[in-house]
Amino acid sequence: MSILKNAIDSIAIGLEDFESTDERRIVSSTRNIFAGILLLFKHRLCELSPEASDEALIKQRVLPAFDATGAVNWIGKGKKTVDVQNIKDRFESLGINVEWKRLERINKYRNDIEHYYSTMNNESVQQLISDSFIIIRNFIVDELEEDPKELLGDEYWKILVDVNEVYEKEKKECDSSLEKLDYFSNEILHALQAYNCTECGSGLLESTSDTGQALETSFKCRSCGSEFHYENIVNEAINDYFTDNVYLSHQDGDDTPVIDCPSCFEGSYLFHEGVCVACGGSATHECSRCGDSIPPEEISDGDLCGYCAHMWAKVMAG
Ligand SMILES: [Zn+2]
Ligand SMILES: [Zn+2]
Ligand SMILES: [Zn+2]
């Protein structure tokens, strides 16, 4: 069987799992769809592998060998095929674009649903299907240069399109309900919009109130109905948000550090925004003694940088 046929079958079975009323098939739905996407990618690497290279581009181990003319060729060895990271490296090197952030979200959800979530329902899988739809469609159109509807078949294509449409509409409603509240910083709003319910993994988090301070508001998961108060999710939401964005954009040194708030000790302090997500407090960022800006690791409830605080302590000690 060809890799492409395997890929399409795996996605189709995953969608049948998703449509099933049997709760036990939810996990296999996420596994099959994710596997199907990776197979689509491998199919492309296979197509791009040089002739007589033993499908070098999908093999983890690739070794040089002389051919009959004495030239060196890279040949695939062994049975082990590329993993997600290998695929990413090879695609990037070949200039093949995939929205890795979306793929990472699919992979994370697939992993979390097997290990962490206590509630499972078809609705909470909608985000995964919606993300998958976008990746599958773009990849088939841009890289395989085929018609996705033809390749997947009308029936399966329709499921993807419909679920994506429903999810995007609901996600938009949730996002605008969150936008109605007041936040210490817009970064908090963005973090909550990117947050996934800890009970079921759904991205459909909405505000229970139309107005007021986010700080005093509870948020509700549309998929499983769980409610969370601001103070119980904001730190995690901020950490996930910054970890994901920093990790995915490969920024070193230029990231936005999140530190523990020096005044309330309970909230995440957004260094670049200069505000704590829990108490709204702001620390001093410029040393009152030497005038230098205070780096994240030296931010305190005082107004001195680490060096000046040290010197001051020495003076006090006599
Ligand atoms: Zn939920
Ligand atoms: Zn604070
Ligand atoms: Zn100083």
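The values are calculated or read from the model by the stated rules, or taken from the named source; none is laboratory data. What you see is a predicted model; the values in this text were computed from it and never measured. So basically every Cβ, Gly included, is an ideal-geometry build from the backbone, and we count neighbours across all protein chains shown.
Against the numbered list (1) within 16 Å of ligand 2 (Cβ to nearest atom); (2) on the phi < 0 side of the Ramachandran plot, residue 274 comes up short only at (2).
Do we have residue 280 as surrounded by fewer than 17 Cβ atoms within 10 Å (Cβ to Cβ) and in contact (Cβ under 8 Å) with a residue 24 or more places away in the chain here? In short, yes. Candidates 132, 209: the one that is in the same structural domain as residue 101 (by TED's automatic domain parsing) and either within 16 Å of ligand 2 (Cβ to nearest atom) or small (Gly, Ala, Ser) (or both) is 132. Among the residues of segment 251-284, the ones that are farther than 19 Å from residue 188 by Cβ and at pLDDT 95 or above come to 1 in all. Please determine whether any residue of segment 62-80 is at positive phi and in contact with a Lys or Arg (Cβ under 9 Å, 6 or more places away or on another chain). Yes: segment 62-80 contains one or more residues that are at positive phi and in contact with a Lys or Arg (Cβ under 9 Å, 6 or more places away or on another chain).
Set side by side, the residues 168, 173, 206, 187 differ, and just one is closer than 23 Å to residue 269 by Cβ and either in contact with a strand residue (DSSP E or B) (Cβ under 9 Å, 6 or more places away or on another chain) or in contact (Cβ under 8 Å) with a residue 24 or more places away in the chain (or both), which is 187. Return the residues of segment 94-149 that are of a type in the set (Lys, Arg) and under 18 Å from the mean Cα position of the chain (by Cα); say none if nothing qualifies. Those that are of a type in the set (Lys, Arg) and under 18 Å from the mean Cα position of the chain (by Cα): 101, 102, 105, 108, 110.
All told, residue 113 falls short of being touching a Phe, Trp or Tyr at 6+ places or on another chain (Cβ under 9 Å) and assigned by TED's automatic domain parsing to the domain that holds residue 144.
Scanning segment 53-74 for residues that are in contact with a helix residue (DSSP H, G or I) (Cβ under 6 Å, 6 or more places away or on another chain) and among the β-branched types (Val, Ile, Thr) gives 58, 62. Tallying residues that are surrounded by 12 or more Cβ atoms within 10 Å (Cβ to Cβ) and in a helix (DSSP H, G or I) within segment 283-309 yields 6. Filtering 224, 197 for residues that are closer than 19 Å to residue 113 by Cα, touching an Asp or Glu at 6+ places or on another chain (Cβ under 9 Å) and away from ligand 2 (no atom under 16 Å from the Cβ) leaves a single hit, 224. Is there a residue in segment 208-220 that is within 16 Å of ligand 1 (Cβ to nearest atom) and touching a Gly at 6+ places or on another chain (Cβ under 9 Å)? No, that holds for no residue.
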